[in-house]
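Every number here is computed from the coordinates shown, using simple stated rules; none is lab data. Bear in mind the structure is a predicted one, so any value in this text is a computation, not a measurement. With ideal geometry, Cβ positions are generated from the backbone for all residues, glycine too; neighbour counts draw on all protein chains shown.
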Amino acid sequence: MAESMGETEFQKLINDLVENAREYLYYEVSPERERALTYYKGSVANKPLTGRSKAVTREVFESISGMLPDILHLFTAMENPVEFIPLRDDQQQLADQQTEFVNKVFLDDLDGFTLLYDFLWDAFVTKICVAKTYWDETKRVEFYTVDDVTESEYQELKLDDDIEITEETVTENTTVHQENDEFGNPAERQEVERIYDLEYKKIITTGKERIDIIPPEDFIVSRRSTGPEDSHMHGEDSYRTVDDLVAMGYDREEIMEMSTSFIGTTDKEDDERDIRAGHDTDQTADADGMRWVRFIDIVVKIDYDGDGVPEWRHVIALGDQPKIYENDAVNESPYDWWSPIRIPHSAIGMSIADTTTDLQDQNTALLRGMLDNIYLVNTPRQWSIPGLVNQEDIMDFRFGTNIRTKQKDAMGFFETRYTAANTLNVMQYLNSVRERRTGHSDAAMGLDPNTFQKGSAEGVSATMSASRVRVETIARLFAENFLRRVFKKLLQVVVDNDTTTRQTRLFGNVVEIPPDTWNIDFDLKANIGLGRGTKDQRVSALGFVIATQKEAIAQMGPVNALTSLAHMRYTIGQFMALSGLRDSDKHFFPEKHVAVKSMEMMKQREEQMKNRPDPEKMKMQIEQQKLALEKQKNDLKIQLERERASSELEIKRLEGQQDMELAQEKTAAQMELERKKAIETARLDREIAMLEHELNIIELKAEIELEPLKMALGAASGQGNIARNE
């Protein structure tokens, strides 16, 4: 096994790596970044001629400022820019909590919109954007003034290492106590109590997750790196003030010895900082604490301990002749960077500005020539014969001024031919070149194709879609190669350093969970509003999907073979996001909540189908019930006929008996007989009607119970409709 590196050897290695990276960046990359910055602010290489137009076109600015809002909308329109995907189904709730937490921290606590804007601006103008994700332990000083502090409280304050007493005033209070001595004689005991009035300062240390945007001119990376995943050395080479470094724990006297009053060790480095800042960055205040000190914060992958396996080392070095102050082993680098135009096998790609600076030069030259031509056409040059025209009158350009001449044709104008129209055609061609290079055009900025006068709406839509593909490719690379890495490191930083319980929102409810229970191995998916076609086309398509889902659910139930309420809720969220409404959870239940409820409804339906009786058996039971009812009906009819016959015999017997009675009594008996006959007949009719009504109800219920079974049997054989869950 090889031996571990010595301090001298490691110091030399770090110095060589840093200087090689600086040479690569400051002399090969920095000039292109400096050029891009100046062009973004409206400069060009070709200087105007004296007395000619000084106009400048802004292709670099227009391309970048046009693409930025479009790509920002793709990320900020979604409620959660990223989403954790669990490894197992039982980890879904944990993944949802991590998703809610990370997106909230990024968008709200870290001002994610500004971070996204600055990342994209840096990359579009200066080739790369650099993020440093880390746990920041900051210190702040608070001053206190307290009175009437007791001796015990005073000693407790002195024992606190974070407290420094700056001023104190002591007051002694004497208290006399009357007591008896050991012989029982009266005696006095004096007790002295010290009371303090204090002024002190307390150093308070707090920890918080941070994502810093590193200025590209401060970022260094080894020349042979091909990206963040395989870089051997990268980090910051910047300048900090003496006060900043002292606050980080470094010795002031030692830091002052290596401080300087200006920034930068090369002209390229100094120029790039000045151009970005818009002023001379070397200027400092007279105070010693505001002097500059070179600060190198890098990670290097090397076999430092000689075990044969390279590991990440976090190194901090200070001074123009760097001296290593920290050298620690770490699990991964806190840095990530990205270029909008990726060049495989290269650490740094190209920017949008790199593709448009030459067009700005060319269009500027054409614009100046066109304006010069228009100026000459509108204000042609004059000629005059010396001695015949008053020269002072010619030089007076006020309207209506008299020009004194001795001869009528002693002066005139040189005619200039108008050629600006031809120049416009060339400028339009150069603009089409810019559109092909960047994907940005007026047609791709959400304009209605039907409003264009030239060309069909289909042709303009095709142009918009083709341009949008380039923009969406850049957005996809930004999401996959940069944002996913940053968000995963953000969660890793919290898990490794935060011991407090965090609050997250799940399904609209606030829940508390310790970060050390989260799983950083979950897959991470970037949610961005990508899709072919214009925004209006995608909104229209989502409207069609919602209508189709609504119809399917209305006809076949909330859970069916085509779609479900969970699918419909997701479509509604996408529709609202494209329409500019990110907070769909305030209008509908969250997607996860609807998905859980849909699964519960599906399981309930399956249980109901399992517990249903066999359709054939149920059919046989209903047939048996119908036969029993028919037999009961027939028996009832026979009984009624027998009772009717018996009643008729009784009536005949009564009639014979009544013949022997008096006429008056016979009349009364006949009336009673008719009454009884009517009562008996009505009773029999009611019983028959009730039995028939009961039979009809039983038959109707049987048909209703059989209908879903018939439909289910038909669906199972591939015919009929799917039964809806009642």
Worksheet, complete the sentence: For the residue 554, residue 704 Cβ pair and Förster radius 25 Å, calculated FRET efficiency rounded to 0.05 is 0.70
Response to the item:
Lys and Arg at +1, Asp and Glu at -1: neighbours of residue 416 with Cβ under 10 Å from its Cβ sum to 0
Discussion item. List the residues, sorted by chain then number, that are 5 or more residues from residue 323 or on another chain and whose placed amide H is less than 5 Å from its amide H.
Written reply: 318
Worksheet item: Residue by residue, what Karplus-based ³J(HN,Hα) values in Hz, rounded to whole numbers, does region 554-570 have, using 6.51, -1.76 and 1.60 with θ = phi - 60° and x for Gly and Pro?
Response: 5, 8, 10, x, x, 10, 9, 6, 9, 7, 8, 5, 5, 5, 5, 5, 5
Response to the item:
Extension length gain for residue 45 and residue 675 (0.36 nm per residue less Cα distance), in nm, is 214.2 nm
Discussion item. For the pair residue 328/residue 691, report the inter-label distance in nm, with labels modelled 7 Å from Cα in the Cβ direction.
Written reply: 9.8
Worksheet entry | Protection proxy ranking, peptides 303-310, 241-248, average beta carbon neighbours within 10 Å, highest first | 241-248, 303-310
Worksheet item: If we sort 250-256, 326-332, 117-123 on the protection proxy, mean other Cβ atoms within 10 Å, highest first, what's the order?
Response: 117-123, 250-256, 326-332
Response to the item:
Neighbour-count ranking for 299, 559 (other C-beta within 10 angstrom, fewest to most) reads 299, 559
Worksheet item: What order do you get for 14, 698 when you list them from fewest to most C-beta neighbours inside 10 Å?
Response: 698, 14
Worksheet item: If we count every other residue with Cβ under 15 angstrom of residue 12's Cβ, Lys/Arg +1 and Asp/Glu -1, where does the sum land?
Response: -2
Practice prompt. Sum up the charges of everything whose Cβ sits under 9 Å from the Cβ of residue 238, counting Lys and Arg as +1 and Asp and Glu as -1, but leave residue 238 out.
Written response: -3
Fill in: Protection proxy ranking of 46-55, 105-114 - average other beta-carbon atoms within 10 Å, highest first
105-114, 46-55
